[in-house]
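Okay, so here's the structure we're looking at.
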Amino acid sequence: MKPKTPQVPKLGKSNKFIIVIVGLLLLAGLFTILSPLAGDDKAESVSITKIVSLFDEQKLVTVSVDDLTIVAEDTEGNKYKATRSSTDSIAELGFYKTGNPANVTIEDNRMNKLIAGIFSSLIPFAFILIVLVFILKQAQGNANSAFSFGQSKAKLNDKEKNKTTFKDVAGAAEAKEDLGDVVDFLKNPKKYSKMGAKIPKGVLLYGPPGTGKTLLARAVAGEANVPFYTISGSEFVEMFVGVGASRVRDLFKKAKRSAPSIIFIDEIDAVGRQRGTGMGGGHDEREQTLNQILTEMDGFEVDTSVIIMASTNRPDVLDPALLRPGRFDRRVVIDRPNMQEREEILVAHSKNKPIEKGVDVTSIAKKIPGFTGADIENLLNESAILAVKRNRKDISLAEMNESIEKVSLGPQRKSSRLNSYEKKLTAYHELGHALVGHMLPHCDPVHKVSIISRGMALGVTWFLPTEDVKLQSKQKFLDDISSLLGGRVAEEVFYGADNITTGASNDLERASEVARNMVTHFGMTSALGHMVVETRKNVFLGRDLGESKVYGNETAQVIDQEVRTILDKAYAITKEIILKHKDLMDKMCADLLIKEEFSEEDFAQYFVSAKVKIPVKIGVERAKD
Ligand code: ADP
Ligand code: MG
Ligand code: ZN
């Protein structure tokens, strides 16, 4: 990268313009000062005493006195003019004698004029001064910005402006509790130091993107009512070497000056990656920055009440030195919200939105497993936009449902028209997934079957878990593989083995991946036993590049064999189910072509009508207790 050369201030067009204006103003000032010297040429120039004596002789008709001159006219029409000296007063001139026929007009605002004159002649100078200061400032500014890279760009959030508190964070009860200590410490540091208790200097918030880490950090500052310096990890990394480190120094200096305070380094993984990996071009700059952070954290005096918070969604890539005791030793996990929390977030974010009365928030929260706070915010926003488009007064369940589908499955593409052959094949394909999923106890319940195109998919079968599951069983993997194969098998059964299509390519990829993970990551096959042969330590490099494979060719063969076996077994199960319910599939397909979409209830009804016995869903079972 080319280093930026510091800019030398140049006289731009606007500056030249300013100089011309200043010149003109100076000239104008000069004229106004000189102009009174020019006078009435008809009048005879005389001395003041001459006019005064004419006045005394009662020979004058008019006398007009102004600041600088006296003009008089006598009975014969002669005009006289005299220049007043700067000292004489009107009283001294003695034009007031009563009974004199002359018409005397006096207009002496010499004092006013004098002041005005002084000011008007000052204006250009003031103007020049302003321009000069302006130009100087600019030059200085340019020079400064060349040398101020080292200053931190941290934004200080004013106590007054930052009104985020824990109330704004819905759910996340445990995280709030953990952070409550930090708040308490910032509020009463003495209480802790008296007891000899050391409060962690560093608090690392980690969890998936959009779960509210930044929001929580802000809330801590708001609760404690202290200054909050926020900087993003990537802002440390600049093109100049050494800049990051000096920015860190500057940031810590500022924060210490306004202690108690909080420094928040958002997305710290941008600088805090493990050093010495040589990846990413062995960024020397990043290492220096990281070292500086470590040094600063160690350099704090015991009673400095500055707390450093950081957030990341990749704690696994952080340098271990950052995580050791005394640094970011307090770690707060912020996970995706569970059903209850999703409901709370929904309520929190719909406060400023008119939601139709009677909309069941709980049922919506159920429909969006895995959604983060940010997703939910987005979902409500989409619904609001949709409501506006429909000229509604409020947001109804219909808009919400549509937005959920849009966010989870992709936007509908009604325009991409399939021909009737493709449409029918897609219907069989999707029903294949749905049927197999419905008949296997470990698959999630079918929530929707649709042959309306969405994104790249020609149709969708939407499975929705009834609860948030953290552990996956081997049997669930196997059942899922079967239902993934359901699409391809349906094509095969209804159209013949030679007419299968590319529509299943993604299904097969996913099925193979699940099978492969079972073998290599989860130790779920007998051939390899409990041996895990692939680890994902370096996930940040992209899965494949970073995956460390620790096996030889022979093991590779065994793995392939095992994956193949899993897929074959699942295929057999899938085929059996579809062949058994061929008639039901035909019936459902005919209806789906007309309706285009089956809801959960529509779909389940076919099985009730056909008196097909459905196994109890394991997920549903678990949700009961
Ligand atoms: P992260 O930093 O974890 O990626 P953010 O804190 O930036 O996520 O959150 C993004 C947005 O999602 C926030 O602005 C907020 O509106 C919303 N959000 C996330 N979690 C919550 C929550 N628990 N309660 C309320 N809003 C949330
Ligand atoms: Mg964030
Ligand atoms: Zn499919």
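For the condition in contact with a Gly (Cβ under 8 Å, 6 or more places away or on another chain) and without any contact (Cβ under 8 Å) to a residue 24 or more places away in the chain, what is the one hit in HIS442, HIS433, HIS530?
Values: HIS442 fails: without any contact (Cβ under 8 Å) to a residue 24 or more places away in the chain; HIS433 fails: without any contact (Cβ under 8 Å) to a residue 24 or more places away in the chain.
Just one listed residue meets the conditions, HIS530.
Just for region 213-226: of the residues that are touching a helix residue (DSSP H, G or I) at 6+ places or on another chain (Cβ under 8 Å) and closer than 16 Å to ARG331 by Cβ, which one is farthest from ligand 3 (Cβ to nearest atom)?
Applying the filter and picking the extreme gives VAL220.
Condition first: charged (D, E, K, R), loosely packed, with under 15 Cβ neighbours inside 10 Å and touching a residue at least 12 places away in the same chain (Cβ under 8 Å). Now tell me which residues in region 598-622 satisfy that. Spell out how you get there, then give the answer.
Of region 598-622, the ones charged (D, E, K, R) are 600-602, 611, 613, 617, 621-622.
Okay, now just the ones that are also loosely packed, with under 15 Cβ neighbours inside 10 Å, so 600-601, 611, 613, 621-622.
GLU600, ARG622 - these are the residues of region 598-622 that are charged (D, E, K, R), loosely packed, with under 15 Cβ neighbours inside 10 Å and touching a residue at least 12 places away in the same chain (Cβ under 8 Å).
Select from region 318-343 the residues that are over 30 Å from ILE199 (Cα atoms) and buried (at least 20 other Cβ atoms within 10 Å of the Cβ) and list them in ascending order.
Selection gives ARG342, GLU343.
Per-residue answers, yes or no, for (1) away from ligand 3 (no atom under 16 Å from the Cβ); (2) buried (at least 18 other Cβ atoms within 10 Å of the Cβ); (3) outside any helix (DSSP H, G or I):
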{"residue": "MET400", "(1), (2), (3)": "yes, yes, no"}
{"residue": "SER415", "(1), (2), (3)": "yes, no, yes"}
{"residue": "LEU418", "(1), (2), (3)": "no, no, yes"}
{"residue": "GLU422", "(1), (2), (3)": "no, no, no"}
{"residue": "HIS429", "(1), (2), (3)": "no, yes, no"}
{"residue": "HIS433", "(1), (2), (3)": "no, yes, no"}
{"residue": "GLY437", "(1), (2), (3)": "no, yes, no"}
{"residue": "PRO441", "(1), (2), (3)": "yes, no, yes"}
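Quick grid of which residues meet (1) charged (D, E, K, R); (2) within 16 Å of ligand 1 (Cβ to nearest atom):
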| site | (1), (2) |
| --- | --- |
| ASN378 | no, yes |
| LYS393 | yes, no |
| LEU425 | no, no |
| ALA434 | no, no |
| HIS438 | no, no |
| ASP444 | yes, no |
| VAL449 | no, no |
| GLY455 | no, no |
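Considering only residues that are part of a loop (DSSP other than H, G, I, E, B) and among the hydroxyl-bearing types (Ser, Thr, Tyr), look in region 443-500 and name the one that is surrounded by the most Cβ atoms within 10 Å (Cβ to Cβ).
From region 443-500, those part of a loop (DSSP other than H, G, I, E, B) are 443-445, 451-453, 455-456, 458-459, 464-473, 496, 500; that's our starting set.
If we keep only those that are among the hydroxyl-bearing types (Ser, Thr, Tyr) too, we end up with 453, 466, 473.
Details: SER453: 20, THR466: 17, SER473: 12.
Checked region 443-500; the qualifying residue surrounded by the most Cβ atoms within 10 Å (Cβ to Cβ) is SER453.
Does region 194-203 contain at least one residue that is at pLDDT 85 or above, part of a strand (DSSP E or B), within 16 Å of ligand 1 (Cβ to nearest atom) and in contact with a Lys or Arg (Cβ under 7 Å, 6 or more places away or on another chain)?
Yes, the conditions are met somewhere in region 194-203.
Inspect all residues belonging to region 494-501 and state whether any of them is closer than 30 Å to LYS613 by Cα, among the hydrophobic types (A, V, I, L, M, F, W, C) and in contact with a helix residue (DSSP H, G or I) (Cβ under 7 Å, 6 or more places away or on another chain). Full working, then the answer.
At the first step, the residues of region 494-501 found to be closer than 30 Å to LYS613 by Cα are 494-497, 500.
Subset that is among the hydrophobic types (A, V, I, L, M, F, W, C): 494, 497, 500.
Add one more test, that the residue is in contact with a helix residue (DSSP H, G or I) (Cβ under 7 Å, 6 or more places away or on another chain), and what stays is 494, 500.
For region 494-501, residues closer than 30 Å to LYS613 by Cα, among the hydrophobic types (A, V, I, L, M, F, W, C) and in contact with a helix residue (DSSP H, G or I) (Cβ under 7 Å, 6 or more places away or on another chain): present.
Which one of GLY326, GLY370 is on the phi > 0 side of the Ramachandran plot, touching a helix residue (DSSP H, G or I) at 6+ places or on another chain (Cβ under 8 Å) and more than 16 Å from ligand 3 (Cβ to nearest atom)? Quick ask: steps written out before the conclusion?
Details: GLY370 fails: touching a helix residue (DSSP H, G or I) at 6+ places or on another chain (Cβ under 8 Å).
The unique qualifying residue is GLY326.
Against the condition over 18 Å from ASN313 (Cα atoms) and within 16 Å of ligand 2 (Cβ to nearest atom), how does TYR206 come out, does it pass? Steps first, answer last, please.
Numbers: over 18 Å from ASN313 (Cα atoms): no; within 16 Å of ligand 2 (Cβ to nearest atom): yes.
For TYR206, the condition - over 18 Å from ASN313 (Cα atoms) and within 16 Å of ligand 2 (Cβ to nearest atom) - is not met.
Give me the residue from region 204-214 that is within 6 Å of ligand 1 (Cβ to nearest atom) and among the hydroxyl-bearing types (Ser, Thr, Tyr) and, out of that set, nearest to ILE262 (Cα to Cα).
Start the filter on region 204-214 by keeping residues that are within 6 Å of ligand 1 (Cβ to nearest atom), which leaves 209-214.
Going one step further and asking which of them are among the hydroxyl-bearing types (Ser, Thr, Tyr), we end up with 211, 214.
Values: THR211: 21, THR214: 13 Å.
The extreme case among them is THR214.
If a residue has to be without any contact (Cβ under 8 Å) to a residue 40 or more places away in the chain and over 20 Å from ILE577 (Cβ atoms) to count, how many in region 489-505 make the cut?
Number satisfying all stated conditions: 4.
Restricting to region 273-311, give me the number of residues that are at pLDDT below 80, in contact with a Leu (Cβ under 7 Å, 6 or more places away or on another chain) and under 26 Å from PHE185 (Cα atoms).
Here the count works out to 1.
The values are calculated or read from the model by the stated rules, or taken from the named source; none is laboratory data. All values reported here derive from a predicted model rather than from experimental measurement. A quick note on method: Cβ atoms are made from the backbone with ideal geometry, for glycine too, and the neighbour counts reach across all protein chains shown.
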